[in-house]
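Following: one structure in structure tokens, then a few remarks.
The values are calculated or read from the model by the stated rules, or taken from the named source; none is laboratory data. What you are looking at is a predicted structure, and each value in this text was computed from that prediction instead of being measured. With ideal geometry, Cβ positions are generated from the backbone for all residues, glycine too; neighbour counts draw on all protein chains shown.
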Ligand SMILES: Nc1ncnc2c1ncn2[C@@H]1O[C@H](COP(=O)(O)OP(=O)(O)OP(=O)(O)O)[C@@H](O)[C@H]1O
Ligand SMILES: [Mg+2]
């Protein structure tokens with residue numbers, strides 16, 4: 001079991017309030033991802049959950065029991081950091097076993113757990129090596145192995161893949177997804193990476209300036225962002241957020257901003273809703289990203305599937321798919 005409830009978590013450093021009353025429910029076995037701009041309080045919240053940082057006020061419950069006064073080692077939580085913090089003089093095997101040894105776990109039990117974790121993470125060939133003799137991805141797996149052997153109720157990951165190169169990130173991301181399926185453990189994971197968030201999460205928590213903006217499944221956040229912040233934060237390239245200054249009929253309906261994702265705009269050389277000029281084109285192979293300047297919208301990003309032969313200074317017409325248009329009111333809330 002590993003459910004988690006946070007109630008009104010506040011944390012201040014001096015008079016700087018970093019967490020401004022966080023409420024969150026995480027179900028047993030869920031994979032929850034925290035995203036948000038740098039400095040919004042993601043790591044601080046993880047550290048409060050782990051007990052490495054005291055909350056100023058509020059409640060942390062694991063499986064229904066209050067743990068706010070329980071020391072970190074007794075919370076049944078394992079945390080994996082971005083810097084793996086392995087012991088350089090210990091072998092891979094001893095790095096994984098150390099926490100259990102210190103906790104006085106029986107030798108046979110340690111052996112069983114380390115063997116199992118090593119097999120799960122494909123670390124068997126490296127057990128006798130020291131961290132300096134491993135690649136970044138292998139070191140990251142050892143750090144994860146060290147968490148697994150403790151059989152925690154709850155795993156906390158703070159940007160565990162940000163030190164890895166692109167290919168290795170993809171591979172390790174798949175491994176973490178597989179690990180979650182096999183262990184059926186509750187995982188809370190902080191990342192800056194949109195793709196990691198969208199592909200790994202059952203539930204994404206979007207944080208901004210110490211508060212939760214929205215909680216939902218990846219597709220809920222993508223299809224129905226609750227406000228302008230989430231609309232702009234989830235999705236890459238970003239959703240186009242267009243002020244209605246030059247769209248009087250929308251302004252009359254009480255709309256302040258419309259949002260349209262780059263992939264929900266059609267492009268034509270002949271005719272369409274918004275006439276504009278191509279500023280820049282990015283040919284990505286699988287996609288073509290165009291940046292236009294139109295009279296009505298100002299800068300507009302358009303994403304076309306596949307390769308398209310547009311050039312800077314071409315005159316084009318962009319037509320948004322109305323079914324995918326988002327509308328926001330004067331307080332930046334999504335309108336029905
Ligand atoms: N020990 C501390 N003392 C004072 N301020 C702190 C301390 N730790 C964090 N902060 C401040 O709290 C805020 C939140 O920091 P936190 O590390 O939680 O952000 P984050 O969302 O994890 O950012 P990043 O994405 O850059 O890792 C920041 O403004 C930071 O400067
Ligand atoms: Mg952080």
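Miscellaneous remarks
- Single residue of the stretch 50-65 satisfying the filter (more than 20 Å from residue 33 (Cβ to Cβ) and in contact with a strand residue (DSSP E or B) (Cβ under 6 Å, 6 or more places away or on another chain)) that is nearest to ligand 2 (Cβ to nearest atom): 55
- Any hit, the stretch 76-90, residues being in the same structural domain as residue 186 (by TED's automatic domain parsing), out of contact with any helix residue (DSSP H, G or I) (no Cβ under 8 Å at 6 or more places or on another chain) and within 16 Å of ligand 2 (Cβ to nearest atom): yes
- Test for residue 174: is it under 18 Å from residue 46 (Cα atoms) and either away from ligand 1 (no atom under 16 Å from the Cβ) or in the same structural domain as residue 79 (by TED's automatic domain parsing) (or both): no
- Evaluation of residue 110 against (1) over 22 Å from residue 197 (Cα atoms); (2) out of contact with any strand residue (DSSP E or B) (no Cβ under 9 Å at 6 or more places or on another chain); (3) part of a loop (DSSP other than H, G, I, E, B) (one fails), failing number: (3)
- Every residue from the stretch 1-20 that is loosely packed, with under 15 Cβ neighbours inside 10 Å and within 16 Å of ligand 2 (Cβ to nearest atom): 13, 16
- Number of the exception - residue 226 against (1) closer than 30 Å to residue 212 by Cβ; (2) in contact (Cβ under 8 Å) with a residue 60 or more places away in the chain; (3) not assigned by TED's automatic domain parsing to the domain that holds residue 216: (3)
- Looking only at the stretch 22-40, residues that are part of a loop (DSSP other than H, G, I, E, B) and either in contact (Cβ under 8 Å) with a residue 40 or more places away in the chain or at negative phi (or both) come to 8 in all.
- Candidates in the stretch 164-198 are the residues that are within 16 Å of ligand 2 (Cβ to nearest atom) and part of a helix (DSSP H, G or I); of these, the one that is farthest from residue 35 (Cα to Cα) is 196.
- Residues within the stretch 200-215 that are closer than 10 Å to residue 33 by Cα and surrounded by fewer than 21 Cβ atoms within 10 Å (Cβ to Cβ), tallied: 3
- Boolean, residue 161 is modelled with pLDDT under 95, closer than 21 Å to residue 81 by Cβ, assigned by TED's automatic domain parsing to the domain that holds residue 197 and away from ligand 1 (no atom under 16 Å from the Cβ): no
- Residues that are within 30 Å of the chain's Cα centre (by Cα) and surrounded by 13 or more Cβ atoms within 10 Å (Cβ to Cβ) within the stretch 101-125 comprise 113, 114, 116, 117, 118, 120, 121, 123, listed in sequence order.
- Residue in the stretch 88-95 that is under 24 Å from the mean Cα position of the chain (by Cα) and either within 12 Å of ligand 1 (Cβ to nearest atom) or more than 14 Å from residue 190 (Cα to Cα) (or both) present: no
Residues are listed down the side, and each one gets a yes or a no for (1) over 29 Å from the mean Cα position of the chain (by Cα); (2) in a loop (DSSP other than H, G, I, E, B); (3) assigned by TED's automatic domain parsing to the domain that holds residue 195:
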{"residue": "220", "(1), (2), (3)": "no, no, yes"}
{"residue": "255", "(1), (2), (3)": "yes, yes, no"}
{"residue": "272", "(1), (2), (3)": "yes, yes, no"}
{"residue": "277", "(1), (2), (3)": "yes, no, no"}
{"residue": "281", "(1), (2), (3)": "no, no, no"}
{"residue": "299", "(1), (2), (3)": "no, no, no"}
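- Evaluation of residue 43 against (1) under 30 Å from residue 231 (Cα atoms); (2) outside any helix (DSSP H, G or I); (3) touching a residue at least 40 places away in the same chain (Cβ under 8 Å); (4) within 11 Å of ligand 1 (Cβ to nearest atom) (one fails), failing number: (2)
- Scanning the stretch 21-49 for residues that are under 19 Å from residue 201 (Cα atoms) and surrounded by fewer than 18 Cβ atoms within 10 Å (Cβ to Cβ), we see that the one that is nearest to ligand 2 (Cβ to nearest atom) is 37.
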